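Scroll down for the structure; my scribbles are underneath it.
We did not get these values from a lab; they are worked out from the coordinates using the rules stated. What you see is a predicted model, and the numbers here were worked out from it, not measured in a lab. Using ideal geometry, Cβ is built from the backbone for each residue, glycine included, and neighbour counts are taken over all protein chains shown.
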Amino acid sequence: MPMTPTSNSSDREVVLEVKHLYKSFGDNHVLKDFNIDLYRGENLVVLGKSGSGKSVLIKCIIGLLHPEQGEIRVLGKNVIGLDKEQLDRMRTRVGFLFQSNALYDSMTVRENLEFPLRRHGRDKSHSEVNDLVMESLVNVGLPHAVDLMPSELSGGMRKRIALARTMILKPEIMLYDEPTTGLDPITSKEINDLILKVQEIYKTSSIIISHDMGCVKYTANRVALLVEGRCFAAGSYEDLQAHTDPAVKGFFQ
Amino acid sequence: MKLPLGTQRTLAEIGDISRFTWRFFQEWGKPRFEVQEFFRQCYMIGNRSLGLVAITGFILGLVMTIQSRPTMAQFGAEDWIPAMVAISIIREIGPVVIALICAGKIGSGIGAELGSMKVTEQIDAMEVSGTNPFKYLVVTRVWATTLMVPILVIFADFISLYGSYLAVNMRGVTSLALFTQQVVDSLVFSDVLPAFIKTFFFGFAIGIIGCYKGYTSSKGTEGVGLAANSAVVVASLMVFIIDLLAVQITDLLGLT
């Protein structure tokens with residue numbers, strides 16, 4: 001029986017709400033009446049099988065995909081009704097860490113980090129930009145990589161740099177698309193630590209898409225299980241671990 | 001009546017390229033202007049093709065002169081070789097051959113680069129960082145190819161004529177001043193201008209096709225290869241189609 005993810009959290013500030021979201025690709029109905037709330041300061045992990053629509057969900061939230069029906073309110077504004085300019089403004093407050101990192105291959109690490117600043121912080125001086133770049137790199141533990149090209153970085157370093165680039169505008173909400181996929185356990189642990197560090201330093205509210213149970217257990221304040229396009233169950237990691245439904249138990253065994 | 005599948009696909013592709021081109025014209029005049037990226041692309045496209053274009057042009061001039069010499073000699077018209085080579089290269093062979101070289105080098109490069117950016121979500125990353133990726137990636141590259149291909153063609157024409165000068169001197173002695181004089185005397189305004197104008201269209205076609213193929217490539221590494229490959233094929237075809245149209249228009253205007 002699906003649980004309502006907001007049932008016992010009415011006293012907390014909602015920064016992002018998804019209501020009755022439908023998204024399909026041809027005959028493939030990926031999201032069907034999906035509902036979820038994200039509260040200020042929490043890490044919400046959306047858990048689900050591969051191809052269940054987890055990435056589609058956060059791409060709808062950031063406006064890269066357009067749902068057929070439903071409402072996505074980010075910091076009080078409905079994303080679906082926003083024009084390009086409003087959407088760009090909203091995106092400065094929402095960070096997105098891509099599964100593939102999406103670092104710009106033709107740019108150095110510094111240029112990668114400066115790229116969003118050049119777009120949104122045009123009033124900043126050269127030294128301010130440099131300070132922000134270095135601050136971001138220090139926070140991910142890679143200040144020495146500033147002049148390297150993405151091709152010179154390891155998988156874990158690329159992930160950290162991508163996170164630094166995303167955090168440079170100090171977004172209020174973070175969307176992580178499978179942050180530990182393809183990484184070894186030690187690097188995964190480092191990325192999980194960084195996710196918690198970001199939450200602590202920048203006071204971000206985050207949706208983390210994952211099917212890596214280590215990442216789920218380590219980073220989640222709350223877990224939502226996406227099954228057949230719906231939020232099948234939501235609660236703390238322990239709540240879901242104790243769930244008796246086979247669809248939920250399968251993830252925790 | 002239902003059209004064959006291949007025809008349907010071709011027509012659909014023509015429609016998509018037309019829409020893509022229309023989008024280019026809609027977007028290019030809107031701020032923000034990506035001036036820095038435009039100059040970077042000009043440098044990348046122009047500078048990196050310079051060597052290839054120079055070698056091609058040089059060989060072109062050299063070979064044309066050597067090959068035409070026996071025929072010209074039969075008519076006792078060896079003195080006309082500089083004029084003949086100059087007209088052939090400047091009017092037709094130079095622009096078309098260099099445009100084909102550019103379609104291979106620049107078109108495939110743009111197709112592969114944008115295709116790989118699509119596959120690795122770099123285009124999405126640009127969009128979520130509040131940048132219009134079409135303006136940043138497509139508009140700058142199309143403008144850069146439109147301006148750089150004519151410059152490369154002019155450069156190649158000069159190198160080609162120098163190659164011809166060296167070939168002329170293999171079997172005789174002609175001073176550079178005399179060779180230049182013969183070339184300049186043989187050329188008229190209607191030889192140079194239409195050939196120059198059509199190179200802008202060649203550059204535009206190479207840019208727009210390369211960008212279209214890369215920007216719309218399907219996901220996966222296979223898509224990147226296909227984007228690069230089909231960018232070359234379609235851009236080369238477009239060069240010939242534009243050349244055909246240019247010749248017809250020049251003919252209609254009485255500039256032949």
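Of note:
- Leading residue at positive end of dipole, segment A:14-252 (Cβ point charges), from A:Val248, A:Tyr176, A:Gly26: A:Gly26
- Selection of GluC sites (Glu not before Pro), segment A:12-46, meeting DSSP coil and at most 14 other Cβ within 10 Å: A:Glu13
- Calculated [θ] (222 nm, deg cm²/dmol) that DSSP helices of n ≥ 4 give over chain B, each run adding -39,500 (n - 2.57): -26500 deg cm²/dmol
- Each of A:Val133, B:Val247 was scored by other Cβ atoms within 10 Å of its Cβ. Arranged with the fewest first, they read B:Val247, A:Val133.
- Trypsin sites (Lys or Arg not before Pro) lying in DSSP loop within segment A:113-198, provided at most 13 other Cβ fall within 10 Å: A:Arg122
- Kirkwood analysis of the protein assembly as shown, using all unique Cα-Cα pairs, places the hydrodynamic radius at 26.2 Å.
- Counting other Cβ atoms within 10 Å as a rough exposure proxy, the listed residues A:Ser127, A:Ser106 run A:Ser127, A:Ser106 from fewest neighbours to most.
- Pairwise Cα inverse-distance average, inverted: Kirkwood Rh of segment A:14-252 (Å): 18.3
- Between A:Phe25 and A:Glu228, the contour length at 0.36 nm per residue exceeds the alpha carbon distance by 71.7 nm.
- DSSP loop trypsin sites (Lys or Arg not before Pro) with at most 12 other Cβ within 10 Å excluded, longest remaining stretch of chain B: B:33-218
- Counting Cβ atoms of other protein chains within 10 Å of each residue's Cβ and taking the mean over peptide A:230-239 gives 0.
- Point-charge dipole on Cβ atoms (K/R +1, D/E -1) for segment B:34-252, about Cα centre, debye to 20: 280
- Rounded to the nearest 0.05, the FRET efficiency derived from the C-beta distance between B:Arg9 and B:Ile241 at R0 = 22 Å is 0.75.
- Residue order for B:Ile14, B:Ile87, B:Ile206, fewest other beta carbons within 10 angstrom first, comes to B:Ile14, B:Ile87, B:Ile206.
- Lys/Arg +1, Asp/Glu -1 at C-beta; the protein assembly as shown dipole; positive extreme among A:Leu137, B:Gly115, A:Val94: A:Val94
- Folded to 0 to 90 degrees: helix B:5-27 orientation relative to chain B principal axis, Cα: 90
- Note on A:Lys77 and B:Tyr43: the model spin-label points, each 7 Å out from Cα along the C-beta direction, lie 3.5 nm apart.
- When both segment B:85-116 and segment B:1-72 are represented by their alpha-carbon centers, they are found 6 Å apart.
- Scaled against the 2.2 N^0.38 Å expected of a compact globular protein of N residues, the Cα radius of gyration of segment B:143-256 reads 1.40.
- For segment A:1-153, the Kirkwood hydrodynamic radius from C-alpha pairs, put into Stokes-Einstein at 4 °C and a viscosity of 1.567 mPa s, yields a diffusion coefficient of 72 µm² per second.
- The charge dipole of segment A:191-253, taken about its Cα centre with unit charges on the Cβ of Lys, Arg, Asp and Glu (plus for the first two, minus for the last two), comes to roughly 120 debye.
- Pairwise FRET efficiency - B:Ile249 versus A:Ser50, Cβ, R0 = 56 Å, nearest 0.05: 0.50
- Computed over segment B:34-252, the range of Cα coordinates on each principal axis works out to 68, 35, 29 Å, biggest value leading.
- Neighbour-limited loop hits for GluC sites (Glu not before Pro), segment A:50-158 (at most 15 other Cβ within 10 Å; DSSP other than H, G, I, E, B): A:Glu68
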